[in-house]
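*Asks:* I'd like to ask you about the structure that follows.
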Amino acid sequence: MKILKMNCIYYVVAGVTIFTSCSSNDGTDSGTTTPPPVVTVAEIKTLDPSVPMKHDGYVKDADFVSIKAKIDANQEPWVSGYNKLIANSHAQLTYTANPTVKLVRGGNSAEEPDPDNYSRAMNDAAAAYQLGLRWKLTGDAQYAQAAINILNAWASTCTRISGDSNAALAAGIYGYQFAIAGEQLRNYSGWTATDFTKYKEWMRTVFYNLNYSWLSTHFGCHPQHAWSNWDLCNMASAMAIGILNNDRSIYNYVIDYYQKGKGCGNNFVTIFEPFPSPNSNMAQMQESGRDQGHCTLSLALLTTICQLAWNQGDDLWGFRDNIVLKASEYVAKYNVTYLEVPYTVYSWHEGDPWTGCGIKMTELPTIGSSGRGGGRPMWAMIYNHYAKIKKLPATSMYYTGLGAKSVQPEGGGGDYGGNSGGFDSLGFGTLLFSLE
């Protein structure tokens with residue numbers, strides 16, 4: 001089956017979309033960046049389900065040791081990043097959990113008459129993560145215990161997620177954050193084996209089951225009706241829960257979906273347009289034609305998945321010749337420097353007004369300018385991976401580097417307003433991912 005989008009040709013072979021050629025308009029101002037060197041990561045192969053997961057989490061223990069040494073030596077930007085963390089109201093020992101039996105996103109609806117209450121989860125997940133960071137960086141068990149108290153309270157109270165289709169967003173966004181927070185604390189001796197086991201099972205039954213339901217069925221809609229961030233948050237959650245539960249089958253499912261999935265979390269759809277010369281340093285994201293708030297959210301979720309996989313030994317960062325860096329350059333150029341970028345018309349499965357499902361095709365003819373320039377705490381991790389770990393030329397990440405500088409030091413939940421968008425990323429990348 002051939003899919004034609006503007007002047008770009010794609011092929012779908014065995015469920016995998018493969019880009020072959022494109023003659024779209026080059027746009028204006030190619031900037032000063034150059035394409036990153038070609039790194040051939042054409043396929044990520046999964047390991048046998050019997051192979052244990054690595055428990056390095058989101059940030060490795062060895063990295064925490066290095067970060068702590070930088071802080072103790074009063075080195076920047078780590079000190080500024082740490083000061084940003086300890087100033088956050090969620091990172092305090094006085095923080096009190098506020099769990100709920102039924103987590104609602106998409107309330108006041110036919111599916112769920114009760115109102116939304118997901119702000120409880122977004123705040124408490126941020127607090128558990130931030131308190132865990134303070135424990136990792138100080139060794140003070142009071143912070144670990146405060147974080148554990150939050151996680152245990154949710155595992156003992158919350159029994160389900162409810163709402164209209166937006167319940168999938170709750171399962172994905174708060175699922176990945178709670179799972180990463182739990183993984184970060186797995187070696188804390190004060191977390192009893194009974195409580196830890198209960199927490200892992202809570203993550204599996206309440207969050208992962210809904211993650212899988214979304215990714216496998218899309219609640220009966222066309223798999224590419226919902227925007228990429230819907231798939232990506234559920235992929236991040238499933239992956240983090242697979243790591244937390246030492247369940248490689250769950251992890252493998254996400255790795256396969258990233259490469260071959262039917263929905264917009266398939267990397268060939270999430271980043272659907274790599275541009276030819278003279279813009280071959282950039283690639284357009286699926287949500288670029290929607291708005292920039294959601295486009296940057298997709299990039300933040302995408303790179304969370306890349307980071308989790310990297311600590312398991314899988315190089316999603318390098319997949320498709322560093323396509324994530326090209327997407328980052330595209331998004332950063334448009335949002336950080338306000339320069340124009342090339343754009344290819346995107347065809348979207350718009351929802352039918354009666355069913356809400358994507359059954360008719362609608363074109364997004366221009367790049368979405370709404371939300372342009374909004375800051376998300378995501379650039380530091382992207383920049384440091386490609387600059388300091390992969391050691392790619394600075395010219396290949398020029399705009400991403402500007403993005404990292406524009407929000408330094410990055411904060412986390414609670415630093416970017418009280419709405420849900422300010423809690424979608426765990427943040428603190430300046431503190432956690434800056435490398436010499």
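The values are calculated or read from the model by the stated rules, or taken from the named source; none is laboratory data. None of these values were measured; they are calculated from a predicted model. Heads up, the Cβs are rebuilt from the backbone with ideal geometry, glycines too, and the neighbour counts pull from every protein chain shown. Remember, those area values only see protein heavy atoms, side chains included, never the ligands or the DNA or RNA. Shrake-Rupley method; radii C 1.70, N 1.55, O 1.52, S 1.80 Å.
*Asks:* Full-extension gain between Ser347 and Lys405, please, as 0.36 nm times their residue separation minus the C-alpha to C-alpha distance.
*Replies:* Residue separation times 0.36 nm, minus the Cα-Cα distance, leaves 17.5 nm.
*Asks:* Please give me, ordered by residue number, the chymotrypsin sites (Phe, Trp or Tyr not before Pro) of segment 347-436 that lie in loop per DSSP and have at most 16 other Cβ atoms within 10 Å.
*Replies:* Listed in order of number, the matching sites are Trp354.
*Asks:* Need the full-extension length gain, Thr96 to Glu76, defined as separation in residues times 0.36 nm minus the C-alpha distance. One decimal, nm. Intermediate values should be presented prior to the final figure.
*Replies:* Details: separation 20, 0.36 × 20 = 7.20 nm, distance 3.16 nm.
This chain segment gains 4.0 nm when fully extended.
*Asks:* Counting other Cβ atoms within 10 Å, which trypsin sites (Lys or Arg not before Pro) in segment 363-436 have at most 14 and lie in a DSSP loop?
*Replies:* Lys391
*Asks:* Using 1/(1 + (r/R0)^6) with R0 = 41 angstrom and r between the beta carbons of Ala87 and Asp315, what's the FRET efficiency to the nearest 0.05?
*Replies:* For Ala87 and Asp315, the calculated efficiency is 0.70.
*Asks:* Compute the semi-axes of the equivalent ellipsoid of segment 284-436, taking the square root of 5 times each eigenvalue of the Cα gyration tensor, and list them largest first in whole Å.
*Replies:* 27, 18, 16
*Asks:* Alpha carbon centre of segment 187-234 versus segment 259-335: separation in Å?
*Replies:* Rounded to whole Å, the Cα centres lie 22 Å apart.
*Asks:* Computed on alpha carbon atoms, what radius of gyration and Dmax characterise the chain, expressed in Å?
*Replies:* When restricted to Cα atoms, the chain yields Rg and Dmax of 20.7, 61 Å.
*Asks:* Report the calculated FRET efficiency for Lys391 and Ala69 (r = Cβ-Cβ distance, R0 = 25 Å), to the nearest 0.05.
*Replies:* On the way: r = 22 Å, r/R0 = 0.88.
Between Lys391 and Ala69 the formula returns 0.70.
*Asks:* Accessible area of the chain with a 1.4 Å probe: how many percent of it is carbon plus sulfur?
*Replies:* Result for the chain: 52 percent of the exposed heavy-atom area is carbon or sulfur.
*Asks:* Straight-line reach from Lys102: which aspartates and glutamates have Cα under 16 Å away, leaving out those fewer than 8 places along the same chain?
*Replies:* Correct list for Lys102: Glu111, Glu112, Asp114, Asp116, Asp124, Asp164.
*Asks:* Then there's this: Please list, by residue number, every one of the GluC sites (Glu not before Pro) in segment 307-403 that is coil in DSSP and has at most 15 other beta-carbon atoms within 10 Å. Could you put the intermediate results ahead of the total?
*Replies:* Details: sites: Glu329, Glu340, Glu350, Glu363; in loops: Glu340.
Sites meeting the loop and neighbour criteria: Glu340.
*Asks:* Here is a follow-up. Which residues in segment 135-179 place their backbone N less than 14 Å from a point set 7 Å from the Cα of Thr192 along the Cα-to-Cβ direction?
*Replies:* Residues 149, 152-153, 156 qualify, since their backbone N sits under 14 Å from the label point.
*Asks:* Quick one: compute a quarter of the convex hull surface over the Cα atoms of segment 285-361 and quote it in nm².
*Replies:* If I average the Cα hull's projected area over directions, I get 6.7 nm².
*Asks:* Here's a follow-up. ³J(HN,Hα) across segment 250-263 via Karplus (A = 6.51, B = -1.76, C = 1.60, θ = phi - 60°), whole Hz, x for Gly/Pro?
*Replies:* 5, 4, 4, 4, 5, 4, 5, 5, 4, 9, 9, x, 7, x
*Asks:* For the pairs Lys45/Lys390; Lys68/Lys198; Lys60/Lys391; Lys54/Lys390; Lys60/Lys84, flag any whose C-alpha to C-alpha distance is greater than 28 Å.
*Replies:* Long pairs (Cα-Cα over 28 Å): Lys68/Lys198.
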